[in-house]
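Chemist: Questions regarding the structure given below will be posed in turn.
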Amino acid sequence: MPNAISISNLSKTYEGGFTALHGIDLDIRDGEILALLGPNGAGKTTLISLVCGILNPTTGTVNVQGHDIIKDFRAARQLIGLVPQELHVETFETVWATVNYSRGLFGKKPDPALCERILKDLSLWDKKDNKIMQLSGGMKRRVMIAKALAHEPRILFLDEPTAGVDVELRKDMWQLVRRLRENGVTIILTTHYIEEAEEIADRVGVINKGRLILVEEKKELMRKLGKKQLTLELVEGLPELPEALSHYDLDVQDGGRRLVYSYDTQAARTGIGSLLADLNRAGIAVKDLDTEQSSLEDIFVSLVEEAR
Amino acid sequence: MNFEAIKAIYLFEMARMRRTLLQSVISPVLSTSLYFVVFGSAIGGRIQEVEGVQYGAFIVPGLIMLTLLQNSISNASFGIYFPKFVGTIYEVLSAPISFVEIVIGYVGAAATKSLILGVIILATAFLFVPIEIRHPFWMVFFLVATSITFSLFGFIIGIWADGFEKLQLIPLLVVTPLVFLGGSFYSIHMLPPFWRDVTLFNPVLYLISGFRWSFYETADVSVGVSIAMIFFFLAICLGLVWWIFRTGYRLKA
Ligand SMILES: Nc1ncnc2c1ncn2[C@@H]1O[C@H](COP(=O)(O)OP(=O)(O)OP(=O)(O)O)[C@@H](O)[C@H]1O
Ligand SMILES: [Mg+2]
C-alpha cells in the first residue's frame, strides 16, 4: 500500500537557533490513524506545521501521495486538512460564512449541501448563522474541524483535538474520526494522553525533544507500555535469591528487603499467583505489596536512554 | 492560478468591509464635506481662483487622493495584519495557493473599497462645487492605479507590522504629511521657488498633479511625468511584494 505521507530527514531550526526537530523520518500509511505522543515542547506542532506548509523546513523533504510539498505544493496541500492546536477563528464572521470560505480557499466550487452535512455532523447546524464570537470554546473547536473538512481532504491533521473538550464532544470526535477513516481518510492526531492513543490509533509515534524515538503498531506498544511492576516488601532481608525463585524476572533491592517483579498485564498469565505461592513455599514472609503501572513518562525515560 | 481561492479571499474581505461600510463611508464623506466648508467656502472666499479654476473645485482631486491613499493603505494593511494577529493566517498558508493569489485577493478587495470611496467623494463634491472632468479616461486611470498601488503598499506595511503601532506609523507619519504637502490645497506655483523645488521630491505631488490634470488640465508637473511616477511606485511595490514572496518575510518562519 502506498504511503499517504513520506517524511525524510525533516528538521526545523527556528530563527534564533533553536532546533525543534532533528532529522525526522516517518512514513504515514494510507488510511491509518496515527497518534503522535509527546510531552509539551516535543515538536509535534512543529512537525505538523512543516507538513502543512505553515513553516519552512530547514532540511528534508515531505511527500504527500507522491507530491513534494514545495515543488508541487498545490497538489499536496489540496489533500490535507488541518485543525490546529490553538483556536484561531474569524471572530466576527458567521459559522456558515467561515466554513464556505475555507472551501473556496482550497479551490473548491461552493457546495452548500456538503457544508450543511459537515455542520450537522458536528452539531453546529443550529449555530450556522451565529457569529463565531457567540460560540463556546468547544463549539469553536468544532468550527475549526468543520473548516478543515470543508474541502474534503484525504489526510486530516488534528493537533490536540481533545484539549479543552468535554467528554461528550470527545466521544463525538472519535466517532467522526472513525467515520472519516472508514471513508479512507488518513488521520494524524497529537495528544499527551496514552489512553487516547489507545482508544483510537492504529499506530503510535512518540516524539521527545525533537526526535521521533519510536513508531509502532499500537498493539505492540501497548504490550511494552503494559508492563507493570509488583513491589514486595519483605519482613526479613534475603541474603540471596532462593533457587526456587530464579526463573522469575525479579530485581532484588534494598539489601534483599525488597523484590521488584515486572510482568506483562496483557499476557494470559501474569505469574503473580505462582510467584506468591513460591514465596510462601520458600518461607519468605511478605510485609507489604504494591503494584505500579509504567507511565508514559517512564516509557519516555527508558526510550530516551535506549536511544543513547 | 487558483481562481476559486482568489474569489474566496476577495469576497470574504469585501464582506468584512461591508460590515464596516457605514463607518468607512461616513467618515471620509464627513471630513471631505468639512474640507469644503473650511477651504472651499471660508478660505475659498478669499482665494477664489487658482490657475483659472474655482478654489473649491481646485481642491477636489487632492481631497479624493487624500482619501484614496489613506484608505488604500489602512484597508490593505489591516486586511492582512488582522489574520496574522489573530492567527487565522494559518489557513491561508496551508491552502493550495501561492502568494500571488493571496496578494490579488487581499489587495484587490482593498483597492475596490478605495475606489468605491473615491467615487462617493467625487459624487459628494458635485453637490458643493462645479466640477468638470476633461479626461475621464485618465481620471479613471489615476483613480484605479492609485488605489492598486497604495493598497499594495498597505499590504506590505501589514506584513511588516508586528504591532498595531507600526500599522499606524507610516500612514500617520509619512503619508498624511506628504499628501498635505503635495499640493492638495494649493498649486506649487503659489510657493516660493525654494519650497517649490523641495516639493518636487514629494512623490504624492505627482499623483495629485496628474489627477488634477485629468479634471481641469492644470498641472504642477507634466502629466507624462505623473503617469511615469505611478508606474514607478507600482514597480517598487511589486518588487517588494516579490521579495516578500521569495523570502516568506514575516509570514512563514
Ligand atoms: N516560532 C518559534 N520560535 C522559536 N521556537 C519555537 C517556535 N515555535 C515553537 N518553538 C519551540 O519549538 C519546540 C517545539 O514546539 P512545538 O510547538 O512543536 O511543541 P509541541 O510538541 O507541539 O508541544 P505541545 O504539546 O505543548 O503543543 C518548543 O521548545 C518551542 O518552544
Ligand atoms: Mg503543540
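The values are calculated or read from the model by the stated rules, or taken from the named source; none is laboratory data. Just so it is clear, the model here is predicted, and its values are computed rather than measured. Note that we place each Cβ from the backbone using ideal geometry, even for glycine, and neighbour counts take in every protein chain shown. Accessible surface is based on the protein model in full, side chains and every heavy atom, while ligands, DNA and RNA are left aside. Shrake-Rupley method; radii C 1.70, N 1.55, O 1.52, S 1.80 Å.
Chemist: So for each of A:73-81, A:256-264 I average, over its residues, the number of other beta carbons within 10 Å; can you give me the resulting order with the highest mean first? The partial results should precede the final answer.
Modeler: Working: A:73-81: 21.3, A:256-264: 17.1.
Sorting A:73-81, A:256-264 by mean packing, highest first, produces A:73-81, A:256-264.
Chemist: I've got another one for you. On a 23 Å Cα-Cα criterion, which of the cross-link pairs A:127/B:113; B:166/B:252; A:140/B:7 come out too long? Kindly include the intermediate steps, with their values, before the conclusion.
Modeler: Details: A:127/B:113 30 Å; B:166/B:252 19 Å; A:140/B:7 25 Å.
In this structure, A:127/B:113; A:140/B:7 exceed 23 Å between Cα atoms.
Chemist: Quick check on the protein assembly as shown: take the gyration tensor over C-alpha atoms, sort the square-rooted eigenvalues as a ≥ b ≥ c, and tell me if it's rounded (a/c under 1.5), prolate or oblate. Walk me through the intermediate numbers first.
Modeler: Values: a/c = 3.44, a/b = 3.00, b/c = 1.15.
Prolate, because a/c is 1.5 or more and a/b exceeds b/c.
Chemist: To the nearest 100 Å², how much accessible surface do chains A and B cover up together, summed over both, with a 1.4 Å probe?
Modeler: Details: alone 16080 and 12220 Å², together 25670 Å².
Using a 1.4 Å probe on protein heavy atoms, the buried area is about 2600 Å².
Chemist: What is the percent carbon and sulfur in the accessible area of the range A:86-153, measuring with a 1.4 Å probe over the protein chains and ignoring ligands? Each step should come with its number before you reach the end.
Modeler: On the way: 1400 of 2800 Å².
In the range A:86-153, the share of accessible area belonging to carbon and sulfur is 50 percent.
Chemist: Further question on the same structure: Determine the share of the range B:3-247's accessible area contributed by carbon and sulfur atoms, expressed in whole percent, with a 1.4 angstrom probe. Mind dumping the intermediate values first?
Modeler: Numbers: 7640 of 10380 Å².
On the range B:3-247, the fraction of accessible area on carbon and sulfur atoms equals 74 percent.
Chemist: Then there's this: For residue A:24, what charge total do you get from the other residues with a beta carbon under 13 Å from its beta carbon, if Lys and Arg give +1 and Asp and Glu give -1? Please list the in-between numbers first.
Modeler: On the way: positive: A:12, A:44, A:209, A:211; negative: A:25, A:27.
Every neighbour counted, the sum reads +2.
Chemist: Let me know the mean shielding of A:39-52 by other chains, meaning the per-residue number of their Cβ atoms within 10 Å of its Cβ.
Modeler: Mean number of neighbouring Cβ atoms from other chains: 1.
Chemist: Any idea what the relative contact order of chain A is, in percent, if you count C-alpha pairs under 8 Å spaced at least 6 apart?
Modeler: Details: 543 pairs, mean separation 59.0, N = 308.
With pairs under 8 Å counted, the relative contact order is 19 percent.
Chemist: Same structure again: Please list, ordered by chain and number, the residues whose modelled amide H lies under 5 Å from the amide H of residue B:253; skip anything fewer than 5 residues away on the same chain.
Modeler: Here the answer is A:56, since their amide H atoms fall under 5 Å of that of residue B:253.
Chemist: Let me ask something additional. Can you pull the mean other chain C-beta count within 10 Å for peptide B:4-17? Mind dumping the intermediate values first?
Modeler: Working: counts 9, 7, 3, 4, 10, 3, 1, 4, 9, 0, 0, 5, 4, 0.
Taking the mean over all residues of the peptide, I get 4.
Chemist: Further question: Report the paramagnetic label zone for residue A:18: residues of the range A:176-214 whose backbone N is under 17 Å from a point 7 Å from Cα along the Cα-to-Cβ axis.
Modeler: Those under the cut-off are A:208-211.
Chemist: Let me ask something else. Could you compute the FRET efficiency for residue A:246 and residue A:217, with r as their C-beta to C-beta distance and R0 at 45 Å, rounded to 0.05? Walk me through the numbers before you get to the answer.
Modeler: Details: r = 33 Å, r/R0 = 0.74.
That gives a FRET efficiency of 0.85.
Chemist: Out of the total accessible area of the range A:227-295 (probe 1.4 Å, heavy atoms of protein only), what percent is carbon and sulfur? Don't skip to the answer; put the middle values down first.
Modeler: Working: 1890 of 4360 Å².
Carbon-and-sulfur percentage of accessible area, whole number: 43.
Chemist: Pulled fully out, how much extra length does the chain show between residue A:277 and residue A:8, if you take 0.36 nm times their separation in residues and subtract their Cα-Cα distance? If you can, show how the numbers build up before the last one.
Modeler: Working: separation 269, 0.36 × 269 = 96.84 nm, distance 5.25 nm.
91.6 nm is the gain from fully extending residue A:277 to residue A:8.
Chemist: May I pose another question? How large is the charge dipole for the protein assembly as shown, taken about the Cα centre, if only the Cβ atoms of Lys, Arg (+1) and Asp, Glu (-1) carry charge, to the nearest 20 debye? Walk me through the numbers before you get to the answer.
Modeler: Details: 53 positive and 58 negative charges, 399 e Å.
Using only the charged Cβ atoms, the result is roughly 1920 debye.
Chemist: Quick one: helix B:136-160 against the long Cα principal axis of chain B, what's the angle to the nearest 10°, folded into 0 to 90?
Modeler: 50
Chemist: Please give the peptides A:278-287, A:147-156 ranked by average Cβ packing (other Cβ atoms within 10 Å per residue), highest first, as a rough proxy for protection. Can you show the working numbers first?
Modeler: Working: A:278-287: 13.1, A:147-156: 22.2.
Ranked by mean Cβ neighbours within 10 Å, highest first: A:147-156, A:278-287.
Chemist: Helix-derived [θ] at 222 nm for chain B: sum -39500 (n - 2.57) over DSSP H runs of at least 4, divide by residue count, nearest 500?
Modeler: Numbers: 13 runs with 186 residues, N = 253.
About -24000 deg cm²/dmol.
Chemist: Right, next: For the range B:186-253, what is the charge dipole size about the Cα centre, in debye to the nearest 20, if Lys and Arg each add +1 at the Cβ and Asp and Glu each add -1 at the Cβ? The partial results should precede the final answer.
Modeler: Working: 5 positive and 3 negative charges, 95 e Å.
Computed charge dipole of the range B:186-253: roughly 460 debye.
Chemist: If you restrict to DSSP beta bridges whose two residues both lie in the protein assembly as shown, what percentage is antiparallel, to the nearest 5?
Modeler: On the way: 41 of 59 bridges.
Close to 70 percent.
Chemist: If you don't mind, there's one more thing I want to ask. Would you jot down the residues in the range B:211-253 that end up with at least 50 Å² less accessible area in the complete protein assembly than in the chain alone, with a 1.4 Å probe?
Modeler: Residues shielded by partner chains are B:252, B:253.
Chemist: For the range B:55-92, which residues drop by 10 square angstrom or more in accessible area between the chain on its own and all protein chains together (1.4 Å probe)?
Modeler: Output list: B:82, B:86, B:87, B:88, B:90, B:91, B:92.
Chemist: Here's a follow-up. List the longest stretch of chain B that has no exposed loop site; here a site is one of the trypsin sites (Lys or Arg not before Pro) assigned by DSSP to anything other than H, G, I, E or B, with at most 15 other Cβ within 10 Å.
Modeler: Details: sites that count: B:134, B:250, B:252.
No qualifying site falls inside B:1-133, the longest such stretch.
Chemist: Additional query: Using only atoms on other chains, find how many Cβ atoms lie within 10 Å of each Cβ of peptide A:87-97 and report the average. Kindly include the intermediate steps, with their values, before the conclusion.
Modeler: Working: counts 2, 7, 3, 7, 3, 5, 5, 1, 0, 0, 4.
Across A:87-97, the average partner-chain Cβ count within 10 Å equals 3.
Chemist: Hey, another quick one. Starting from the range A:203-279, pick out the GluC sites (Glu not before Pro) whose DSSP state is loop and whose Cβ has at most 15 other Cβ atoms within 10 Å.
Modeler: A:236, A:240
Chemist: Also, I was wondering about something else. Cross-link candidates for residue A:227: which lysines have Cα within less than 30 Å, leaving aside residues fewer than 8 places away along the same chain?
Modeler: A:44, A:171, A:209, A:218, A:219, A:287
Chemist: Quick one: putting +1 on the C-beta of Lys and Arg, -1 on the C-beta of Asp and Glu, what dipole do you get for the range A:227-295 around its Cα centre, in Debye to the nearest 20? Don't skip to the end; give the middle numbers.
Modeler: Details: 7 positive and 12 negative charges, 40 e Å.
So the magnitude is around 200 debye.
Chemist: May I ask you to derive the relative contact order of chain B, considering only C-alpha pairs under 8 Å and at least 6 residues apart, and to give it as an integer percent?
Modeler: Details: 294 pairs, mean separation 65.2, N = 253.
About 26 percent, as a whole number.
Chemist: Rounded to the nearest whole Å², what accessible area per residue is found for the protein assembly as shown with the 1.4 Å probe?
Modeler: Numbers: 25670 Å² over 561 residues.
With all protein chains present, the protein assembly as shown gives 46 Å² per residue.
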